[in-house]
Each structure stands twice: as C-alpha cells, then as structure tokens.
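All of the numbers you see were taken from the coordinates with simple rules; none came from a lab. Everything numeric here is computed off the predicted structure, so don't read it as measured data. Here the Cβ positions follow ideal geometry from the backbone for every residue, glycine too, while neighbour counts run over all protein chains shown.
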C-alpha cells in the first residue's frame with residue numbers, strides 16, 4: 001500500500017514542478033494516452049512464454065527541460081501476463097498493473113522522439129485460467145511489485161497527437177521461486193489536453 005501512495009505522490013510532485021518555459025523551449029503539457037499491449041514473461045534458461053493481448057490507458061505530463069529534451073511521468077493501467085500452450089491445453093496468467101514510468105524524451109527533430117526511463121508497477125489483480133484436458137485453475141501467486149526499464153520512440157504532431165511504441169524490460173522477479181520477468185510491447189496513441 002505504501003508503494004501505491006509513494007507512486008501517486010511522485011507523479012503529482014513531478015506534475016506540479018511543470019513551470020512556464022522561455023519562448024525557445026516548447027511548452028509543457030498534460031494528456032491522455034492508450035493503446036494495444038503484447039505481454040509475455042521471460043523465464044531465465046527456458047525462453048519467453050506466449051503473449052497475452054491487452055490494452056493500456058492513462059495520463060501523462062510532459063515538462064520540457066530544453067528545446068530537445070523533456071521529462072514525462074505517466075500513471076498507467078496496463079493489462080499484462082502471459083500464455084503457455086502445450087499438448088494438454090493453455091495456461092493463462094492475467095496480471096493487471098498500475099504503472100508509473102518516468103521517461104526522458106529526446107527530440108532529434110521537432111516531431112520525432114526517442115525515450116527511455118525507469119518504471120515501477122503495482123499488480124492490482126491477477127487471475128489464472130487453465131483450458132485443456134484437465135479444467136480448473138492453477139494457483140500461482142505473483143509478487144505485487146514490479147520494476148524495470150522502458151525504451152521507445154514515436155512521432156508527435158504540432159497539434160499534440162502522438163503515436164509511439166515502447167518496450168518494457170521487467171527486472172523484478174514475477175514469482176518468489178522462479179526467475180521470471182515481464183516483457184511488454186506497447187503501441188500507443190496520445191492526445192495533449
């Protein structure tokens with residue numbers, strides 16, 4: 001619970017530091033974004049699982065620190081998890097997170113951006129499903145805290161509409177007994193408000 005409040009306080013603190021910039025620096029802004037997610041888990045030594053299709057949605061605040069660089073904290077709801085198929089059926093782990101990424105964005109041109117930054121996440125729900133010869137559910141209790149790094153890029157129009165792609169490289173262990181880490185591709189559309 002403390003992590004949740006710390007994440008919200010950090011997001012609000014960064015948002016409140018957004019101040020007016022001089023004329024050579026683009027203006028700071030807030031917005032909403034959302035899109036499609038492809039999530040999987042990497043098990044050390046045995047490769048990556050099948051992907052779970054989902055979505056993500058949230059808010060962001062972009063504060064320019066120079067003409068070509070900005071800091072963008074976000075507060076996002078993200079559907080994650082994975083799927084494992086074998087001859088007997090399909091196991092699906094559905095994990096839903098509240099994520100707090102803080103991205104450093106570089107604009108090599110006025111409309112193209114590259115981004116990288118850390119992310120912490122709090123699992124708000126999980127559900128296991130097994131569909132196969134033996135029906136029922138499997139109890140796998142994931143850790144509620146996740147962390148990692150994000151890398152991405154995209155295009156932002158002069159009117160504030162952005163298209164982006166991002167890869168989340170999870171570094172926190174998903175389970176206590178396994179070396180399993182989240183891997184998520186996100187394809188997003190954002191709108192400055």
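Annotations for the structure displayed:
- Any hit, region 173-186, residues being closer than 22 Å to residue 30 by Cβ, surrounded by fewer than 18 Cβ atoms within 10 Å (Cβ to Cβ) and touching a residue at least 40 places away in the same chain (Cβ under 8 Å): no
- Residue in region 99-111 that is buried (at least 18 other Cβ atoms within 10 Å of the Cβ), touching a helix residue (DSSP H, G or I) at 6+ places or on another chain (Cβ under 7 Å) and not in a loop (DSSP other than H, G, I, E, B) present: yes
- Annotation: residue 70 fulfils all but one of (1) in a strand (DSSP E or B); (2) more than 19 Å from residue 151 (Cα to Cα); (3) in contact (Cβ under 8 Å) with a residue 40 or more places away in the chain; (4) over 16 Å from the mean Cα position of the chain (by Cα); the unmet one is (2).
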